[in-house]
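Undergrad: Take this structure first; my questions come after.
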Amino acid sequence: WGYQAWSHAAASPITLQVVQDATPSVIQRLDEGFFRVRFDRLTPGEKKFLRAMAGLAPGTRHSGDIASALGVKINSIGPARASLINKGMIYSPAYGEMAFTVPLFDEFMIRAMPGLGKSP
């Protein structure tokens, strides 16, 4: 945000309005670079897993809810979960829970894969 805010600011100090005005540029740059690099490292199955996870309520997601959103049994998501943890995309803050390691990546997944929709 800092670089984009400085680029958008006409003068110092930078105001909240300048930061808000810069936010679309920040998100675009994140989408095209930082987020895209991580997304491109994922397998199709991992992308589907993360998109299902992104469609749930923000914050920590429960394994059972992710499995339900994918329409599979909970024991079948273990390999994808382990792979995503190994890749540093998600972590498990507590037993049966998962969260994104990168802030705003859930919102990126929704933008990158809009056709999947939110889980019921």
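Undergrad: Counting other C-beta atoms within 10 Å, and keeping those with at most 10, which DSSP coil chymotrypsin sites (Phe, Trp or Tyr not before Pro) do you find in segment 85-116?
TA: 95
Undergrad: Amide H neighbours of residue 97 under 5 Å, counting only residues 5+ apart in sequence or on other chains, H built in-plane at 1.01 Å?
TA: 63
Undergrad: Still on this structure: At 1.002 mPa s and 20 °C, plugging the Kirkwood radius over alpha-carbon pairs of segment 45-116 into Stokes-Einstein gives what diffusion coefficient in µm²/s?
TA: So the translational diffusion coefficient is about 180 µm²/s.
All of the numbers you see were taken from the coordinates with simple rules; none came from a lab. Because the structure is a prediction, the values reported are computed rather than measured. Because the Cβ atoms are built from the backbone with ideal geometry, glycine has one as well, and the counts that use them run over all protein chains shown.
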